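The values are calculated or read from the model by the stated rules, or taken from the named source; none is laboratory data. Keep in mind it's a predicted model, so treat the numbers as computed, not measured. We place every Cβ from the backbone using ideal geometry, glycine too, and count neighbours over all the protein chains shown. Side chains are part of the model used for accessible areas, which takes the heavy atoms of the whole protein and leaves out ligands, DNA and RNA. Shrake-Rupley method; radii C 1.70, N 1.55, O 1.52, S 1.80 Å.
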Amino acid sequence: MAYVALSEAEKTFILHGVEEDFRCDGRSRRDYRPMELETGLVSNASGSARLRLANTDILVGVKTEIDVPNPLTPEFGKLEFFVDCSANATPEFEGRGGSNLAQELILSLQNAYESPLAFDYRTLCLIPGQQCWKLYIDILILECGGNLHDAVSLAAKAALYNTKLPRVTATLLDAGITDLIISDNPYDCTRIGIDALPLLVTVCKIGDYCLVDPTAEEEVCSTVSMVVSVSMRQDTPYLSGTHMTGGGSMHRDTMLNCIQLGLSMGEQLNKLLLKMLQSEETRVGPKRPKTVGFLK
């Protein structure tokens, strides 16, 4: 969270706006700021996406490699997150100032994706116990304008939707050795199913009310927030994890209200994100070129 210096009068103004359900930028407590999403920006990555949520700017790249599965989970692939806070995002990120925030975001994403309702790691397995796909999800925070958890999860899901895995075929050699043949055709690839991938929804408590998509100024006015991880299964939202941020506390009823609000907003965000990704792919997505000539 980027620190923003606010006077007591400014904090009171924000608090009264939340109480009246009319925030400083004209939104209600359940509204998100405008988003801009682009995919396929990084040519050297298997998939990439850039998300801009008002003043929050996130760039995500996905790299793939073939690795050996964990002996404890021989039928599962691997997924690894890395977050880098650019020093240009806010002066507080200079040096190692953003390391704590980066680690918090990594743990939030790892806990969300570890849920069996969130991501099926078996889809990344090539040969059980021998070969699997390992995905490196590199997240770069270019600008910090509040609500990083939500923006990072949206950008990561969009990048995974854009990720293309080369088609792999296995051949059995002598002595029972299996050899993998990776297709070098950029159009002969498979995609990762993202329908159940989780989204993080930050529910911020200001005064006696809860709101979503807090700005940097609203985060300063809040003492505690709940990050709700929401996964979709058969058009039904499931809770795949929660954790608290901030030094305050919540009443039990407030926590239940935050979870219900997070599930509702997570369902809406997921539908809008999928619609946006499909619309962009239809408009500018790569199409397989027609083969010309007699060597087909």
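Percent antiparallel among DSSP beta bridges with both residues in the chain, to the nearest 5? Roughly 85 percent of the DSSP beta bridges within the chain come out antiparallel. So which aspartates and glutamates pass the test for Lys11, namely a Cα distance under 16 Å, with those fewer than 8 places away in the same chain ruled out? Partners found: Glu19, Glu20, Asp21, Asp25, Asp208, Glu217, Glu218, Glu219. Solvent-accessible surface (1.4 Å probe) assigned to Leu269 amounts to roughly 20 Å².
Per residue, the chain exposes an accessible area of 53 Å² to a 1.4 Å probe, with every protein chain left in place. Out of every Cα pair in the range 27-152, what percent are spaced more than 18 Å from each other? Tail fraction, whole percent: 60. If you wrap the Cα atoms of the range 104-258 in a convex hull and average its projected area over all directions, you get 12.0 nm². Beta bridges per DSSP, both residues in the range 1-142: antiparallel share near 75 percent. In the chain, the ratio of gyration radius to Kirkwood radius, Rg to Rh, stands at 1.03 when only Cα atoms are counted. The apolar share of the surface of the chain, taken as the fraction of accessible area on carbon and sulfur atoms (1.4 Å probe, ligands and nucleic acids excluded), comes to 51 percent. Taking every protein chain into account, the 1.4 Å probe leaves Cys132 with about 0 Å² of accessible area, to the nearest ten.
Based on the Kirkwood approach, the hydrodynamic radius assigned to the range 1-99 is 17.7 Å, with every pair of different Cα atoms included. Only helical runs count toward this figure. For the chain, summing -39,500 (n - 2.57) over DSSP H runs of n ≥ 4 and dividing by all residues gives -9000 deg cm²/dmol at 222 nm.
Rounded to the nearest 20 debye, the dipole magnitude of the range 1-148 is 300 debye, with +1 charges on Lys and Arg beta carbons, -1 on Asp and Glu beta carbons, and the Cα centre as origin.
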